[in-house]
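Beneath this line is the structure, given in structure tokens, with notes to follow.
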Amino acid sequence: MNESGERDKRAGSDGHGDKPQRPREPGGGLLMGRPFGVPVYVAPSWFLVAALITWVFGGQLDRVLPELGNIRYLVSLFFAVAFYASVLVHELAHTVAALRFKLPVRRIQLQFFGGVSEIEKESETPGREFVLAFVGPLLSLVLSGVFYAGMRAVEPGTVPAVLLAGLMISNLIVAAFNLLPGLPLDGGRMLRAVVWKITGKPMSGTIAAAWVGRALAVAVLIGLPLLTHTGALGNSTEDIGGMETVTDALLAAILAAIIWTGAGNSLRMARLREHLPGLHARTLHPARRPRRATDPALRGPATRQRGGRPRGLVVVDAQGEPTGVVREAAIVAVPEHRRPWVVVSGLAQDLTEDMKIAAELAGEALLEHLRAAPATEYLVLEETGEIYGVLSTADVERAFVSAMARPQ
């Protein structure tokens with residue numbers, strides 16, 4: 001499974017006078033390596049699913065190779081690791097294609113149900129979107145063929161033969177599942193690319209693929225337990241007990257929830273990207289222009305907007321050059337009766353070049369700047385260098401909420 005999207009996590013400084021910290025490297029579990037420069041993480045949930053695979057596959061081995069005894073669990077653990085190595089190859093295929101198309105990849109994460117390649121930008125054309133989505137299932141199919149060839153080359157009924165057969169089948173299932181035509185699966189992205197190509201509108205493709213994804217979630221929720229109960233998946237109905245029925249229903253519910261949630265998230269991200277051009281540094285609360293704080297005291301009149309709302313301040317030196325920004329939160333935290341005795345410089349953040357943004361910055365360029373230089377406030381400047389105002393991350397968050405609330 002492959003998901004992509006904008007990540008706009010920002011962190012404020014630790015103190016009022018501290019410089020903003022550079023963004024930490026994206027986490028998400030245990031760092032395993034950096035193939036192609038992209039960090040690969042194993043989420044804590046992977047250890048749970050690895051234990052589950054070890055237990056289930058161990059039970060299968062007990063029926064096929066009973067002479068193994070308890071060693072079967074060691075073989076099963078090897079299978080779990082090898083299977084997720086195959087999943088990693090699947091995700092690396094997405095990553096290589098994304099890098100080939102000059103799309104930044106934030107990280108790869110192996111988790112409970114497969115893996116996620118976090119691609120930070122959308123493909124520019126439907127053709128690239130289709131290729132980017134298809135390469136993952138294609139690599140899983142290729143791996144399935146490789147394992148099949150290996151299985152034919154070894155002696156049947158041996159541990160290598162059983163492992164290769166399991167890896168062949170599991171990769172075939174991964175490929176087939178991801179080719180289902182609904183978001184957030186790769187097949188859904190392929191469907192999105194096709195509808196995008198036909199209509200010329202990426203949003204139309206997203207809507208179509210997301211609703212197909214929701215229909216798939218319902219089908220999985222109802223159909224998977226039904227198929228298992230009727231023996232359509234190769235199990236004898238006599239062997240299906242109450243515990244197995246509950247397990248199948250729980251698995252179906254988890255899968256359905258993942259697909260349904262992923263489809264909804266894809267819709268929300270598409271709506272956000274559609275409104276991104278409206279996120280403009282100049283128009284995000286343009287009336288909230290700060291006064292320059294040349295007085296050493298945090299006086300009430302200098303910290304109030306019409307209506308009594310506190311606002312950020314720009315601290316300037318004797319020559320009128322900006323040297324710092326006082327956060328709105330810092331002003332609010334000071335009771336009004338104490339402000340005449342509070343020194344502005346004690347509340348100010350030192351102004352760095354990264355905290356200065358052009359008034360014309362908009363859309364993805366604006367969000368990328370805020371993500372790369374996290375802070376709570378930014379100084380907005382005109383092309384001439386004149387101070388336009390202070391942009392708060394709270395302004396951007398409110399604009400996000402407003403954009404998401406607009407009707408289609």
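Each reported figure results from applying straightforward, stated rules to the coordinates on display, with no laboratory input. Computed from a predicted model, the values in this text were never measured in an experiment. A quick note on method: Cβ atoms are made from the backbone with ideal geometry, for glycine too, and the neighbour counts reach across all protein chains shown.
Listed values, structure above:
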item: Sorted by Cβ density within 10 Å, fewest first, the residues Phe36, Phe147; result: Phe36, Phe147
item: Cα gyration tensor shape for the stretch 30-275, rounded if a/c is under 1.5, else prolate or oblate; result: prolate
item: Among Pro374, Val343, Ala362 - extreme Cα towards positive end, dipole of the stretch 326-386, charges at beta-carbon; result: Val343
item: Cut-off 20 Å (backbone N to label point 7 Å along Cα→Cβ of Val81), residues of the stretch 169-206; result: 170-171
item: Sequence-distant residues sharing a close amide H with Val315 (under 5 Å, placed H); result: Ala293, Thr323, Gly324, Val325, Val326
item: Additional length obtainable on full extension of the chain from Ala365 to Leu138, 0.36 nm per residue less Cα span; result: 78.4 nm
item: Principal axis dimensions, largest first and in whole angstrom, of the stretch 35-174 by Cα; result: 55, 33, 21
item: Efficiency of FRET between Glu274 and Arg100 - r from beta-carbon atoms, R0 30 angstrom, step 0.05; result: 0.70
item: FRET efficiency estimate (nearest 0.05) - Cβ-Cβ, Asp350 to Glu386, R0 22 angstrom; result: 0.60
item: Highest to lowest packing among 375-384, 333-342, 97-106, scored as the average C-beta count within 10 Å; result: 375-384, 97-106, 333-342
item: Under 5 Å, built H, 5+ apart or other chain: amide partners of Tyr388; result: Val380, Leu381, Glu382
item: Rg followed by Dmax, in Å, when the stretch 319-408 is reduced to its Cα trace; result: 15.1, 50
item: Extreme residue, positive dipole direction of the stretch 30-275, given options Gln109, Pro39, Leu68 (C-beta unit charges); result: Pro39
